[in-house]
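One structure below.
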Amino acid sequence: KLMLLTLKRVAENEDGTFGVLIHNNIPFCLTLEPEWRDNKQNISCIPEGSYTCEKVNSPKFGSTFEIKRVPNRTHVLFHKGNVETQTMGCVILGEQFESLNGKCAILKSGKAFDEFINLTKGLISFRLQIEDVK
């Protein structure tokens, strides 16, 4: 049985879509994605739903997971970052919400990403459920 993570999106504004990543009903990190822009590649968050995530080695981000079978999209990854312009349609992980250069951002991304990699250690895939609760 594959491990299940749930991404609950809790807010959206001009600085992005903000959420919480949950494992076994315990929130373990925050997320930042682009705003909803009709699932357009590189500028939109992905549609709500159930996905399989597979381990990949990204030339830019190293060992991480790709969210597979997103309609009309490829290379949707989990990675480090702070603001929406760094997502390119991916899911950025962080530890705290804060303002950065006048934008809503998530900080301590390296720590959150390390925790994510530790949680998924030894896995080649897991299930991801994405839900909008805003």
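The values are calculated or read from the model by the stated rules, or taken from the named source; none is laboratory data. Just so it is clear, the model here is predicted, and its values are computed rather than measured. Cβ: placed from backbone, ideal geometry, glycine included. Neighbour counts: every protein chain shown. We work out accessible area using only protein heavy atoms, side chains counted, and drop any ligands, DNA or RNA first. Shrake-Rupley method; radii C 1.70, N 1.55, O 1.52, S 1.80 Å.
Using alpha-carbon pairs under 8 Å, 6+ residues apart, how would you state the relative contact order of the stretch 49-108 in percent? Kindly include the intermediate steps, with their values, before the conclusion.
On the way: 99 pairs, mean separation 12.7, N = 60.
Relative contact order, the stretch 49-108: 21 percent.
Relative to the present Cα-Cα distance, how much length would full extension add between Met3 and Val133 at 0.36 nm per residue of separation?
Details: separation 130, 0.36 × 130 = 46.80 nm, distance 2.18 nm.
Gain on extension, Met3 to Val133, equals 44.6 nm.
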Notebook entry, point to check: Among Thr87, Thr120, Thr17, which one moves the most in a GNM of the chain with springs linking Cα atoms closer than 10 Å?
Noted result: Thr120
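Return the subset of Lys55/Lys80; Lys1/Lys60; Lys1/Lys111; Lys80/Lys121; Lys1/Lys80 for which the Cα-Cα distance in this structure is over 19 Å, preserving the input order.
Values: Lys55/Lys80 16 Å; Lys1/Lys60 30 Å; Lys1/Lys111 27 Å; Lys80/Lys121 17 Å; Lys1/Lys80 28 Å.
Result: Lys1/Lys60; Lys1/Lys111; Lys1/Lys80 exceed 19 Å.
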Check: Dividing the convex hull volume of the Cα atoms of the chain by its residue count, what figure in Å³ per residue is obtained?
Finding: 100 Å³
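Among Thr64, Thr85, what's the order by accessible area (1.4 angstrom probe), most exposed first?
Thr85, Thr64
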Next item on the list: Taking the Cα centre of the chain as origin, sum charge times position over the Cβ atoms of Lys and Arg (+1) and Asp and Glu (-1), and report the length of that vector in debye to the nearest 20.
Entry: 500 debye
Notebook entry, point to check: Mind checking which of Lys60, Lys111, Lys103 has the largest fluctuation in a GNM of the chain, springs on alpha carbons under 10 Å?
Noted result: Lys60
Check: What residue among Asp114, Asp15, Asp38 has the largest mean-square fluctuation in a Gaussian network model of the chain, using Cα springs under 10 Å?
Finding: Asp38
Margin query: Amide H of Val76 versus every other amide H placed in the peptide plane: which residues, excluding those fewer than 5 positions away on the same chain, fall under 5 Å?
Written below: Ile67
Check: Can you give the FRET efficiency for Ile124 and Gln41, using 1/(1 + (r/R0)^6), R0 = 35 Å, r = Cβ-Cβ distance, to the nearest 0.05?
Finding: 0.90
Next item on the list: Find, among the GluC sites (Glu not before Pro) in the stretch 1-100, those assigned to loop by DSSP (not H, G, I, E, B) with at most 10 other beta-carbon atoms within 10 angstrom.
Entry: Glu14
Check: If you stretched the chain out fully between Ser50 and Asn72, how much longer would it get, using 0.36 nm times the residue separation minus the C-alpha to C-alpha distance?
Finding: 6.4 nm
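As a check on your grasp of the helix formula, calculate [θ] at 222 nm for the chain: sum -39500 (n - 2.57) over DSSP H runs of n ≥ 4, divide by the residue count, round to the nearest 500. Each step should come with its number before you reach the end.
Values: 1 runs with 11 residues, N = 134.
Helices in the chain give a 222 nm mean residue ellipticity of -2500 deg cm²/dmol.
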